[in-house]
Amino acid sequence: MAYDNILVETSGQVGVITLNRPKALNALSSGLIRDLGAALDAFEAAPDVRVIVLTGSDKAFAAGADIKEMAEKTYMDAYLQNFITQGWERVTVCRKPVIAAVAGFALGGGCELAMMCDMIIAADNAKFGQPEINLGTMPGAGGTQRLTRFVGKSKAMDMCLTGRMMDADEAWKCGLVSRVVPLDDLRETVMRIAETIADKSLPITMMVKEAVNTAYETTLSQGIHFERRTFHATFATDDQKEGMAAFIEKRQPSFTDR
Ligand code: CAA
């Protein structure tokens, strides 16, 4: 399928979605969000795709929601369209792992989109921020909620109230991103991580993802309970038998996703 605002390719077991509105620094227009949703639907349905990578250009992952598109919206437009929620959170319901590979600007909705992914790998030129306050508005796709859970109240307040950007090093130190690599190494590093995950059992990968995400939705005791029940469920799989047999027999496991 051809898209207007993104590029889509498959490399081995990894589906790669590249945001592609270079003239607007990948601003997240409604057309781009529609394309992104359709590409995620296609990769989710493709049996040969086991991990998804979401990335942008060297200059911008995404500079936020499209300001030119939303500038004239009224309250009633925003309310009736359920603006920002509709389509945006498609990435959060994806069951396959989604890795954000972020270079350059990840601002406003761009930062929020990266935070919807399962992990963020940043290039050393990455800049994260929630600058909506400078536009007389506020984060509307999870910035006040996800950023606060990821980096804590004080830094989330700092970012959302001042609208300043944080560089990759600061983002790594406060736990927003899992790794920082030189810009030239970003794609290779992310593809290596994606292939490593793709080689595991897909159903077990999905269970792990669901369990980690549960930590953000429940109390500790409910989360531990969910984890334990899911851990028990892994013993119903062929892949648990294979994984443990391979360890004991000192060989590599051969998972069948069963
Ligand atoms: N929406 C629409 N167009 C955008 C855009 C955005 N979010 N960000 C950049 N662009 C466009 C610019 O208008 C410009 O287009 P023209 O050449 O047609 O004028 C082009 O991209 C290049 O941008 P700049 O000339 O500004 O590039 P720069 O290198 O000087 O600055 C920047 C880069 C600091 C990222 C700056 O573009 C900027 O501040 N962008 C806006 C960032 C922002 O405020 N994001 C939050 C949006 S609101 C939001 O996201 C709400 C939400 O919670 C979902």
*Name, by its number, the condition in (1) under 20 Å from Gln86 (Cα atoms); (2) within 16 Å of the chain's Cα centre (by Cα) that does not hold for Tyr3.*
(2)
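With the condition being of a type outside the set (Ser, Thr, Tyr) and more than 27 Å from Ser30 (Cβ to Cβ), I'd like the strands (runs of 3 or more DSSP E) fully within region 100-191 carrying at least 2 qualifying residues.
Numbers: elements: 105-107, 119-123, 127-129, 165-167, 179-181.
Where strands (runs of 3 or more DSSP E) fall fully within region 100-191 and carry at least 2 residues being of a type outside the set (Ser, Thr, Tyr) and more than 27 Å from Ser30 (Cβ to Cβ), they are 119-123, 165-167, 179-181.
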*Just give me the residues in region 152-207 being within 16 Å of the ligand (Cβ to nearest atom) and acidic (Asp, Glu), in sequence order.*
Asp167
_Test for Val91: is it within 14 Å of the ligand (Cβ to nearest atom) and crowded, with 20+ Cβ neighbours inside 10 Å_ = yes
*Would it be correct to say that Leu107 is modelled with pLDDT of 95 or more, more than 13 Å from the chain's Cα centre (by Cα), within 15 Å of the ligand (Cβ to nearest atom) and not basic (Lys, Arg)?*
yes
*Hey, Ile84 hits all of (1) at positive phi; (2) surrounded by fewer than 19 Cβ atoms within 10 Å (Cβ to Cβ) but one; which does it fall short on?*
(2)
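Counting only residues that are under 22 Å from Val49 (Cβ atoms) and of a type outside the set (Val, Ile, Thr), give me the helices (runs of 4 or more DSSP H) lying completely in region 194-258 with at least 1 of them. Break it down stepwise before answering.
Details: elements: 202-214, 220-234, 238-248.
Where helices (runs of 4 or more DSSP H) fall fully within region 194-258 and carry at least 1 residues being under 22 Å from Val49 (Cβ atoms) and of a type outside the set (Val, Ile, Thr), they are 202-214, 238-248.
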*Any idea which residue in region 51-88 is nearest to Ala24 (Cα to Cα), counting only those that are assigned to a helix (DSSP H, G or I) and more than 12 Å from the ligand (Cβ to nearest atom)?*
Asp77
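Condition test on Ala2, is it touching a residue at least 40 places away in the same chain (Cβ under 8 Å) and either polar (S, T, N, Q) or more than 14 Å from Leu113 (Cβ to Cβ) (or both)? Step through it out loud before you land on a result.
Details: touching a residue at least 40 places away in the same chain (Cβ under 8 Å): no; either polar (S, T, N, Q) or more than 14 Å from Leu113 (Cβ to Cβ) (or both): yes.
When the stated conditions are applied, Ala2 does not pass them.
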*Out of the residues in region 23-50 that are assigned to a loop (DSSP other than H, G, I, E, B) and within 16 Å of the ligand (Cβ to nearest atom), state the one that is surrounded by the most Cβ atoms within 10 Å (Cβ to Cβ).*
Asn26
*Please verify whether region 12-22 includes one or more residues that are of a type in the set (Gly, Ala, Ser) and within 13 Å of the ligand (Cβ to nearest atom).*
no
*asked:* Residues to consider are Thr214, Thr234, Thr256, Thr219; find the one that is at negative phi, touching a Phe, Trp or Tyr at 6+ places or on another chain (Cβ under 7 Å) and not assigned by the TED database to the domain that holds Arg50.
replied: Thr214
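The values are calculated or read from the model by the stated rules, or taken from the named source; none is laboratory data. Predicted model only: the values in this text are computed from it and were never measured. Ideal geometry is used to build each Cβ from the backbone, glycine not excepted, and the neighbour counts take in all protein chains shown.
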